[in-house]
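Report on the following structure.
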Amino acid sequence: MAPMLERFVSSGKGNGLRTTTRIKRGELVYSAEPLACCVSNKLARDVCHHCFTRCETLLRCSQCKMARYCNITCQKQAWSSHKRECKCLQSLLPRIPTDSVRLAARLIFALLSPSKSSSEELYTLEEHESHLNSMSEQKKQGLSQLASMLELYLQQEVPDLAQEALPPSCREPLSLLAKVTCNCFTISDGELQEIGVGLYPSLSLLNHDCRPNCVMVFVGTKLQLRAVRDVNPEEELTISYVETLSLTEARQRQLEDQYHFTCHCQHCDTQDKDGLMLSGKESTWCPLKEALPRLEGLKAELDWQALLQGCSHLLSTVGSDVPDQNLYKLRMTDMALDASIHLGHWEEAAEYGEKTLQVYSQYYPDPHPVHGVQLMRVGKLQHYLEHIEDALDTFKQAYQIIKPTHGDNHPMTTDLLMRMEECRTEMVQQSSSKARAGR
């Protein structure tokens, strides 16, 4: 753990992480590889299981038929951590265990491997909270079923957890799974799309705030923690555990259900954005709210044509009388954007995307990676449609956010700089063409 960070007891929160020195906005606070990680099942065919890069064609493990790699190099490098998992996967075919079960198993294999050391961690796995005592019986029952699956899954490699040289709580499947589900991080790509899950023990000390002073981004599986504002010595470092574009009640419910605490941050106590999120007459925006579950179902099923039809119809009829800042209208506009992109309706996609930008700037205080990524998406659409000046302006706005949230060397930042240079070159070429045509 970096010397600028230390563990401490945070008032009303328990363990926390704070800085011992002044940290500037955009500074890399800490980076770490996971103790254990795995690609999400739903993306198992699209992402390399070693470097977590998205690829159109992947090499498949000939034995378990599940693990996939972008090349032979990744496959060889992954073998030391995959070989035990491979036997377990084969034993369950054609069934595939859940992400949490696979992550828990990989964690056990890592702890049993002499090459994996967690001695430098500020927070040991044994100290991680399981929250079993505060869980509902329904949730415990669900975890118990996962624990049974974990034991079945491990039979080929670790037939008796209780006899292994593991921390005491890791020998008990239920406790281990509870710790994993409460403390794992979603690993995302540069555009903040989920690609996997991982456990980063020291960073489990980070407490939640709906307006945090740090954000996490990933390069492959490496987690980078960056400050999004200046942080003073002995100030607690915080991240947001949940998507903050939600009403206070919804955020608090999710935090209580998943992480077993009630948030009392300033953003929650003042409910400062709730009024804006519910702007417009309830009788007008209520149909949008009621339609969202059905539309989200279409998105989950990848039925982009039906999704776009549903969104565009509601937005052009009911939505025309609802302010753009309304939460339900914004979510529907975002879904229409996604559907338009998947269907190759570029003009429509750009139109939907442009409508979201002003609203994103109101809900995501800069620099926020979600706002930066949205600007970049819209800029790409503008560029493709040859709206070069608009694209350059949008890319410039994105750069002001992505640079502090992702850092100078992140692939997203490099890609953004390249796109800005392409726009400038194309603008010069257009000016030269016009000058020649005018002679």
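Place a label point 7 angstrom from the Cα of GLN430 along the Cα-to-Cβ direction, then list the residues of region 379-398 whose backbone nitrogen is under 13 Å away.
382-394
Compute the long axis of helix 327-343 from its Cα atoms, compare it with the longest principal axis of the Cα atoms of the chain, and write down the angle in degrees, 0 to 90, nearest 10.
Orientation of helix 327-343: about 90 degrees from the principal axis.
Considering every Cα-Cα pair within the chain, what fraction, in whole percent, is farther apart than 35 Å?
Value for the chain: 37 percent of Cα pairs lie more than 35 Å apart.
Could you state the number of Å between the C-alpha centres of region 323-339 and region 371-426?
Cα centroid of region 371-426 versus Cα centroid of region 323-339: 22 Å apart.
Could you check the simple spin-label distance between GLU6 and ASN232, using points 7 Å along Cα→Cβ, in nm with one decimal?
Inter-label distance under the simple model: 1.7 nm.
Roughly how many percent of the accessible protein surface of the chain is carbon and sulfur, given a 1.4 Å probe and a whole-percent answer?
Carbon plus sulfur share of accessible area: 47 percent.
Return one whole number: the accessible area per residue of region 1-115 in Å², for a 1.4 Å probe.
Averaged over the residues of region 1-115, the accessible area is 51 Å².
Within 10 Å of each candidate Cβ there may be at most 12 other Cβ atoms; applying that plus a DSSP loop requirement, which GluC sites (Glu not before Pro) in region 239-348 survive?
The qualifying sites are GLU243, GLU301.
Pop out the Kirkwood hydrodynamic radius of region 95-169 from its pairwise C-alpha distances, inverse of mean 1/r, in Å to one decimal.
13.9 Å
When you have a sec, figure out the Kirkwood radius of region 333-439 from all distinct Cα pair distances and drop it here in Å to one decimal?
With all distinct Cα pairs of region 333-439 included, I get 14.5 Å.
Mean projection of the alpha-carbon convex hull of region 167-282 over all orientations, in nm²?
For region 167-282, averaging the hull's shadow over all directions gives 9.8 nm².
Report ³J(HN,Hα) in whole Hz for each residue of region 227-238, in order, from the Karplus equation J = 6.51 cos²θ - 1.76 cosθ + 1.60 where θ = phi - 60°; Gly and Pro get x.
These are the phi-based 3J(HN,Hα) values: 7, 9, 8, 4, 10, 7, x, 6, 7, 5, 8, 9 Hz.
Could you run the Karplus curve 6.51 cos²θ - 1.76 cosθ + 1.60 with θ = phi - 60° over region 58-74 and give me ³J(HN,Hα) per residue in whole Hz, x for Gly and Pro?
Per residue, the Karplus-derived 3J(HN,Hα) values read 10, 7, 9, 4, 6, 8, 8, 6, 10, 5, 9, 9, 6, 6, 5, 4, 4 Hz.
When the chain is treated as a GNM, springs tying every alpha-carbon pair under 10 Å, which of PRO287, PRO369, PRO404 comes out with the largest mean-square fluctuation?
The residue that fluctuates most here is PRO287.
Could you please report the charge total around LEU247, scoring K, R as +1 and D, E as -1 over all other residues with beta-carbon less than 10 angstrom from its beta-carbon?
Counting the neighbours of LEU247, the net charge comes to +1.
Considering only protein heavy atoms, what per residue accessible area in square angstrom results for region 353-439 with a 1.4 angstrom probe?
Heavy-atom accessible area per residue stands at 51 Å².
The values are calculated or read from the model by the stated rules, or taken from the named source; none is laboratory data. Computed from a predicted model, the values in this text were never measured in an experiment. Every residue, glycine as well, gets a Cβ built from its backbone with ideal geometry; the counts of neighbours run over all protein chains shown. Surface areas here come from the heavy atoms of the whole protein model, side chains and all, with no ligands, DNA or RNA. Shrake-Rupley method; radii C 1.70, N 1.55, O 1.52, S 1.80 Å.
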